[in-house]
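Asker: Please see the structure below; I have some questions.
Every read-out reported here was derived from the displayed coordinates using simple, explicitly stated rules and does not represent laboratory data. Since this is a predicted model, take the numbers as computed values, not measurements. Glycine gets a Cβ as well: all are built from the backbone with ideal geometry, and neighbour counts include every protein chain shown.
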């Protein structure tokens, strides 16, 4: 199924960049004449039949050729690989922060439901989901970068440059993880085998973290993969605010300049990473839960 989805995504990327959009007009610019557009269409081969161009497109993909940028004349793959480590680090730090907050607070809310801890977790979840990324990022820049001068507000030279962007992106991914952990823990703690283990005198700490959390965390793995893929694709706003030289910032620059090969390659690569992350999450869930393996059989 992952391979099928990858093929569908590649077809959609080609159609959107060649049918719904005329790349010759984007290269020529708004002030170009019809003759200029026709010349560019002939020079780049846009006047060829669409099936022929699609076959060449698939052949180039099979060889790892994502095309050449219209503006910089550089291979698109090289441009993306230069920026991908920055976005990967931002996504890793953001997800680590989100899990570090969501796991303990979600477990605490499930252990003591309808208490001040539970109310606090619900408030944090609503606030984190309601605050837009761009507004939270600007607030952090003003407070910690301009007024207190504790952290840098732009660039990606050191690990300190990732603190504010990771907080901005991680707080947005934290609420659904927290709610899912809380709901999963409440469901598992009320199951028969937990009540039996509690009646057998197993220590509450061991019961919670060794038996209950192991089963409650399974849906979190799938959601974490989805959120990590979202961070890779949704980092455009955050990278633009903090001027991080990642693929999100590259996508924003390419969209503002109508550099379609770069945009198409970024969309395709992020989609592929998203699919692979989801596949790995399913495999990890099957490894951790024997019931999934037996259901496949």
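Asker: For 82, 239, what's the fewest-to-most ordering of other Cβ within 10 Å of each Cβ? Let's see the in-between values first.
Answerer: Working: 82 14, 239 25.
Ranking 82, 239 by Cβ neighbours within 10 Å, fewest first, gives 82, 239.
Asker: Here's another thing I want to ask about it. Going by how many other beta carbons lie within 10 Å of each one, how would you line up 250, 283, fewest first?
Answerer: Least crowded to most crowded, the residues run 283, 250.
Asker: Let me ask another. Tell me the label only: which of [x] 31, 21, 18; [y] 44, 26, 14; [z] 27, 23, 19 is semi-axes √(5λ) of the Cα gyration tensor in Å as calculated from this structure?
Answerer: Here semi-axes √(5λ) of the Cα gyration tensor in Å agrees with entry [y].
Asker: If you don't mind, another one. May I ask for the Rg/Rh ratio of the range 10-84, computed from Cα atoms with Rh as the Kirkwood radius, given to two decimals?
Answerer: Numbers: Rg = 13.3 Å, Rh = 13.5 Å.
Across the range 10-84, the Cα-based Rg/Rh ratio is 0.98.
Asker: Now for a different question. In deg cm²/dmol, rounded to 500, what helix-only [θ] at 222 nm does the chain give when every DSSP H run of at least 4 residues adds -39500 (n - 2.57) and the total is split over its residues?
Answerer: Rounded to the nearest 500, it is -23000 deg cm²/dmol.
Asker: Can you grab the distance from the C-alpha centre of the range 184-234 to the C-alpha centre of the range 1-73, Å, no decimals?
Answerer: Each part reduced to its Cα centre gives a spacing of 47 Å.
Asker: Starting with the fewest neighbours, write out 44, 287, 211 ranked by other beta-carbon atoms found within 10 Å of each beta-carbon.
Answerer: Details: 44 14, 287 10, 211 18.
The most exposed by this proxy come first: 287, 44, 211.
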